[in-house]
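Visitor: Sharing a structure below in structure tokens format, with a few things to ask.
The values are calculated or read from the model by the stated rules, or taken from the named source; none is laboratory data. Every value quoted in this text rests on a predicted model; they were computed, and no experiment measured them. In this analysis, Cβ positions are derived from the backbone assuming ideal geometry, glycine residues included, and neighbour counts consider all displayed protein chains. Accessible surface areas use protein heavy atoms only, side chains included; no ligands, DNA or RNA. Shrake-Rupley method; radii C 1.70, N 1.55, O 1.52, S 1.80 Å.
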Amino acid sequence: MNLVHSTSSADDRAIMVTRVSDMQWHAVEDDLTVGRGDAARRPDGRLFISIDAWHGAVFDRIVTAMLADLPTALYTVVDEADDDSRSAWERAGFAIARRERGYLVPTDPHVSGLGSVRPPSGVTIVPAGHAEEGPLRALDRVIRDEVEATVGWRTMPAEVLPRPVGTTLVDPSKYAVARYADQYVGLVRVAPLIRQPRIGLIAVRADRHRRGIARALLAHALGSLHRSGVSAAWAEVDEANAAATALFEGIGARRTAGTLELVRR
């Protein structure tokens, strides 16, 4: 594929924007690549785009070309502190759809206050790497269906891991689960990233809410990290998710960043 959009910059030098593949665009000025645009479809089906450009005029030309070539709706994400990027996307017709908070979460139980937290009666925690894969996948499917039927999975922290179609759980070894009787009723996923472990998901089946299971799962996950020498983990929470916000802020998590998800319909 080789679609070309030709425009002129303020000083009349031509900027050529070329679609070099199904999901990639290049901007060239005076034989020099001055910007790139990329599109990627997330596992939930939404199409996200990103642009890396030397200056605003190049950004505007790349985004114009991408909008002409791609169907709507289109999404992008920006740092909430990056006013220039947000303004550039808003010029192109994008608007804020949701806000995500980034938290630095202490693992020390003396700081978090989770040292005395125990699972509720009848509930046991199965450590990461020890959960049975079949029941774990079944719980993951139930929780995803429950979320999708209420607030929608799009409100969960962005998940961009590649996975086969229809597969929602890639690496079972990253999950600790809560078991009640002979059923799995809650889970927490911790990605052991080199720079800083990330709490990617904590969720409990709807019929077991408000029993302290999520707090017990979090206490287990953070306690395991603390014993391995990790002082803090990272977590993202949708700003509209009051329960998750209260859970993390209640254990001393410190908000240090934020992300805006923008959409053009």
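Visitor: Looking at the stretch 134-163, which of its residues are of a type in the set (S, T, N, Q) and either modelled with pLDDT of 90 or more or in a loop (DSSP other than H, G, I, E, B) (or both)? Don't jump to the end; show me each part of the working.
Guide: Our first condition is that a residue be of a type in the set (S, T, N, Q); within the stretch 134-163, this holds for 150, 155.
Once the filter is applied, which keeps residues that are of a type in the set (S, T, N, Q) and either modelled with pLDDT of 90 or more or in a loop (DSSP other than H, G, I, E, B) (or both), the stretch 134-163 yields only Thr150.
Visitor: When the stretch 110-130 is examined, which residues are found to be in a helix (DSSP H, G or I) and open to solvent by less than 40 Å² (accessible area, probe 1.4 Å)? It would help to see each step written out before you state the result.
Guide: Taking the stretch 110-130 as the starting set, the residues that turn out to be in a helix (DSSP H, G or I) are 110-112.
Answer for the stretch 110-130, where residues must be in a helix (DSSP H, G or I) and open to solvent by less than 40 Å² (accessible area, probe 1.4 Å): just Ser112.
Visitor: Which one of these does Arg264 not meet: (1) closer than 30 Å to Ala68 by Cβ; (2) modelled with pLDDT of 90 or more; (3) out of contact with any helix residue (DSSP H, G or I) (no Cβ under 8 Å at 6 or more places or on another chain); (4) open to solvent by 40 Å² or more (accessible area, probe 1.4 Å)?
Guide: Evaluating Arg264 over (1) closer than 30 Å to Ala68 by Cβ; (2) modelled with pLDDT of 90 or more; (3) out of contact with any helix residue (DSSP H, G or I) (no Cβ under 8 Å at 6 or more places or on another chain); (4) open to solvent by 40 Å² or more (accessible area, probe 1.4 Å) leaves (3) as the failure.
Visitor: Check whether at least one residue in the stretch 51-69 is surrounded by fewer than 14 Cβ atoms within 10 Å (Cβ to Cβ) and either among the hydroxyl-bearing types (Ser, Thr, Tyr) or in a loop (DSSP other than H, G, I, E, B) (or both), and report yes or no.
Guide: Scanning the stretch 51-69, I find at least one residue that is surrounded by fewer than 14 Cβ atoms within 10 Å (Cβ to Cβ) and either among the hydroxyl-bearing types (Ser, Thr, Tyr) or in a loop (DSSP other than H, G, I, E, B) (or both), so the answer is yes.
Visitor: Is there any pair linking a residue in the stretch 238-264 that is of a type in the set (Phe, Trp, Tyr) to one that is surrounded by 12 or more Cβ atoms within 10 Å (Cβ to Cβ), with Cβ under 9 Å and at least six apart or on different chains, and which?
Guide: Phe248/Arg101; Phe248/Tyr103; Phe248/Val105; Phe248/Ile199; Phe248/Leu218; Phe248/Ala235; Phe248/Val237; Phe248/Arg255
Visitor: Here's a check for you: in the stretch 182-209, which residue that is of a type outside the set (Asp, Glu) and out of contact with any strand residue (DSSP E or B) (no Cβ under 9 Å at 6 or more places or on another chain) is most open to solvent (accessible area, probe 1.4 Å)?
Guide: The selected residue is Ile194.
Visitor: Name the one entry in Ala233, Ala253 that is at pLDDT 95 or above, surrounded by 19 or more Cβ atoms within 10 Å (Cβ to Cβ) and within 29 Å of Gly134 (Cα to Cα). Let's see the steps before the verdict.
Guide: Values: Ala253 fails: within 29 Å of Gly134 (Cα to Cα).
None of the others qualify; the one that does is Ala233.
Visitor: Please find, within the stretch 1-23, the residue that is most open to solvent (accessible area, probe 1.4 Å) out of those that are closer than 19 Å to Gly56 by Cβ and at pLDDT 85 or above.
Guide: Looking only at the stretch 1-23, we keep the residues that are closer than 19 Å to Gly56 by Cβ, and these are 5-17.
Still in the running and at pLDDT 85 or above: 15-17.
Details: Ile15: 0, Met16: 70, Val17: 1 Å².
Selected residue: Met16.
Visitor: For Leu225, state whether it is under 25 Å from Gly258 (Cα atoms) and at pLDDT 90 or above. Spell out how you get there, then give the answer.
Guide: Values: under 25 Å from Gly258 (Cα atoms): yes; at pLDDT 90 or above: yes.
Yes.
Visitor: A follow-up question, please. Tally up the residues in the stretch 24-50 that are touching a Phe, Trp or Tyr at 6+ places or on another chain (Cβ under 9 Å), open to solvent by 50 Å² or more (accessible area, probe 1.4 Å) and among the acidic types (Asp, Glu), please.
Guide: Of the residues in the stretch 24-50, 2 are touching a Phe, Trp or Tyr at 6+ places or on another chain (Cβ under 9 Å), open to solvent by 50 Å² or more (accessible area, probe 1.4 Å) and among the acidic types (Asp, Glu).
Visitor: While we're looking at this one, here's another question. Would you check if there is a residue in the stretch 76-89 being open to solvent by less than 30 Å² (accessible area, probe 1.4 Å), under 30 Å from Tyr184 (Cα atoms) and in contact with a helix residue (DSSP H, G or I) (Cβ under 7 Å, 6 or more places away or on another chain)?
Guide: No: the stretch 76-89 contains no residue that is open to solvent by less than 30 Å² (accessible area, probe 1.4 Å), under 30 Å from Tyr184 (Cα atoms) and in contact with a helix residue (DSSP H, G or I) (Cβ under 7 Å, 6 or more places away or on another chain).
Visitor: Another question, if that's okay. Take the residues of the stretch 228-264 that are in contact with a strand residue (DSSP E or B) (Cβ under 9 Å, 6 or more places away or on another chain) and hydroxyl-bearing (Ser, Thr, Tyr): which is nearest to Arg86 (Cα to Cα)?
Guide: Result: Thr259.
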